[in-house]
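K.L.:
Have a look at this one before I ask anything.
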Amino acid sequence: MWFREFFGVSKFSGFGSSLAMAFALAACGQGGQQQQAAPPPPVVTAITVQSAAVPNIIELPGRIEAVRTAEVRARTDGIVEARLYREGTDVAEGQPLFRIDQRDYRAQVTQAQATLARAQAARANAASIVCRYQPLVAERAVSAQEFDAAQSDLRQADASVADARAALARAQLQLSYTIVRAPIAGRVGRAQVTEGALVSATQATPLTQVDQMSPIYAVFTQSNAALTDLIRQARSGGLNLPDLSHITVRLTLEDGTEYGPTGQIDFAGQTVDPTTGSQQLRARFPNQNRMLLPGQFVRAHVNAGTIRNGISVPQRAVQLSNQAASVMVVDGAGTVQARPVTLGGQVGSNWVILSGLKPGEKVVTEGWQKVQPGQKVRVQAPGQQAGQQAQGGQPAAAR
């Protein structure tokens with residue numbers, strides 16, 4: 001071709017070699033740029049786990065129960081004439097709640113009073129005879145047999161008076177049962193009968209219920225195995241467990257809010273439920289504002305002593321899934337691994353770790369969402385900005 005003749009074959013060969021070398025150098029340059037463009041390890045924030053004394057918080061589900069509950073039932077037969085209270089209000093002990101028809105019982109009281117009066121009259125007559133006979137016996141004007149008979153009549157008259165008094169007291173008691181009163185002070189519930197209803201003492205017809213609302217109980221259960229382990233830790237010295245009366249409890253309501261006043265354990269069951277293998281615990285709480293109601297579901301946070309060499313990590317470092325917990329741990333080579341852990345209670349913004357971590361290990365607190373187990377990471381101290389460099393141009397790491 002014409003350019004071969006113009007440049008010559010040897011020149012063309014040299015030009016081709018130079019062009020090939022240029023292409024090779026360009027390719028090498030692009031490969032180097034690709035290697036330099038490889039993404040750096042992701043930056044995470046981690047803390048070094050340390051052991052310290054931490055509260056031993058045990059979280060348990062429970063129910064609210066009234067300190068005292070009285071079922072108000074009919075103690076006499078009759079027709080309910082009136083309800084004397086307003087449902088759902090506080091009542092004082094002895095306050096009238098219902099009135100039952102009294103006419104029949106008033107008649108029985110009147111009859112018993114008449115019987116008592118008749119017996120007293122007979123007794124007075126018998127006593128006068130004995131008084132008349134007593135001086136005549138010494139003069140032999142009255143035989144000893146007659147005097148003994150008079151004394152016997154007096155004793156029978158005394159017994160009749162006592163029997164009549166008892167019958168009157170019983171009639172008055174039955175009359176008093178027609179006014180149904182609150183057996184205890186507390187919050188009275190809904191009436192279970194209405195005016196005109198027939199109630200029966202033999203069937204103990206339920207009328208209403210009174211619950212003492214303050215103080216109030218929170219009752220919850222814990223497995224016998226967990227309580228046994230708790231006692232074992234206390235005996236081995238790993239747990240500082242106070243007396244039962246000094247164990248405090250805080251409550252979380254169903255909506256997640258925390259109930260303000262703190263309660264104290266006042267009862268621990270000494271038997272194990274054979275169906276569930278659990279024991280019952282009970283705490284007493286003040287309830288002046290009536291926020292806690294009998295039957296209400298709560299979660300109890302029991303402060304069962306202090307773990308002497310416990311471990312806690314921030315809540316944001318813990319991953320929860322399917323009732324299992326895990327954390328991301330950074331090893332000495334800068335590789336993250338998922339570590340399952342056993343959680344205790346919550347102390348402020350931290351989880352107490354019962355098992356799975358050791359002092360000196362590094363736990364990722366921020367950035368674990370963007371890494372996978374087995375991946376290399378760059379660790380920075382808490383509070384340090386991402387990408388901030390320490391002196392000398394090296395990334396700062398938690399120690």
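K.L.:
Which of the residues spanning segment 339-351 are surrounded by 15 or more Cβ atoms within 10 Å (Cβ to Cβ), of a type outside the set (S, T, N, Q) and at pLDDT below 90?
P.N.:
Taking segment 339-351 and keeping what is surrounded by 15 or more Cβ atoms within 10 Å (Cβ to Cβ), we get 339, 341, 343-347, 350-351.
So of that shortlist, the ones also of a type outside the set (S, T, N, Q) come out as 339, 341, 343-345, 347, 351.
Within segment 339-351, LEU343, GLY344, GLY345, VAL347, TRP351 qualify.
K.L.:
Oh, and also: Check whether at least one residue in segment 284-304 is out of contact with any helix residue (DSSP H, G or I) (no Cβ under 6 Å at 6 or more places or on another chain), among the β-branched types (Val, Ile, Thr) and either modelled with pLDDT under 90 or open to solvent by 20 Å² or more (accessible area, probe 1.4 Å) (or both), and report yes or no.
P.N.:
The first filter runs over segment 284-304 and keeps only residues out of contact with any helix residue (DSSP H, G or I) (no Cβ under 6 Å at 6 or more places or on another chain), leaving 284-304.
Next cut, among the β-branched types (Val, Ile, Thr) only: 298, 302.
From what is left, the residues that are either modelled with pLDDT under 90 or open to solvent by 20 Å² or more (accessible area, probe 1.4 Å) (or both) are none.
For segment 284-304, residues out of contact with any helix residue (DSSP H, G or I) (no Cβ under 6 Å at 6 or more places or on another chain), among the β-branched types (Val, Ile, Thr) and either modelled with pLDDT under 90 or open to solvent by 20 Å² or more (accessible area, probe 1.4 Å) (or both): absent.
K.L.:
A follow-up question, please. Can you say whether GLY360 is modelled with pLDDT of 85 or more, under 10 Å from VAL44 (Cα atoms) and touching a Ser or Thr at 6+ places or on another chain (Cβ under 7 Å), as far as the supplied structure shows?
P.N.:
Values: modelled with pLDDT of 85 or more: yes; under 10 Å from VAL44 (Cα atoms): no; touching a Ser or Thr at 6+ places or on another chain (Cβ under 7 Å): yes.
Considered against the rule, which asks whether it is modelled with pLDDT of 85 or more, under 10 Å from VAL44 (Cα atoms) and touching a Ser or Thr at 6+ places or on another chain (Cβ under 7 Å), GLY360 comes out as no.
K.L.:
Going by the conditions given, is LEU207 open to solvent by less than 50 Å² (accessible area, probe 1.4 Å) and assigned to a helix (DSSP H, G or I)? Even if it seems obvious, please write down each step before you answer.
P.N.:
On the way: open to solvent by less than 50 Å² (accessible area, probe 1.4 Å): yes; assigned to a helix (DSSP H, G or I): no.
Judged against the criteria, LEU207 is not a match.
K.L.:
Still on this structure: Are there any pairs, at least 6 apart or on different chains, whose C-beta atoms fall under 9 Å, with the first in segment 257-281 and at pLDDT 90 or above and the second of a type in the set (S, T, N, Q) and loosely packed, with under 14 Cβ neighbours inside 10 Å, and if so, which?
P.N.:
If the second residue must be of a type in the set (S, T, N, Q) and loosely packed, with under 14 Cβ neighbours inside 10 Å, the pairs left are PRO261/GLN288; GLN264/SER245; ILE265/SER245; ASP266/SER245; GLN279/GLN270; GLN279/THR271; GLN280/THR271.
K.L.:
Do we find that VAL371 is of a type in the set (Val, Ile, Thr) and modelled with pLDDT of 90 or more in this structure? Write out each step before concluding.
P.N.:
Details: of a type in the set (Val, Ile, Thr): yes; modelled with pLDDT of 90 or more: no.
So VAL371 fails the test.
The values are calculated or read from the model by the stated rules, or taken from the named source; none is laboratory data. Please read all numbers here as calculations on a predicted model, not as lab measurements. Reconstructed Cβ throughout: ideal geometry from the backbone, glycine too, with neighbour counts over all protein chains shown. Areas reflect the complete protein model, heavy atoms only, side chains present, ligands, DNA and RNA absent. Shrake-Rupley method; radii C 1.70, N 1.55, O 1.52, S 1.80 Å.
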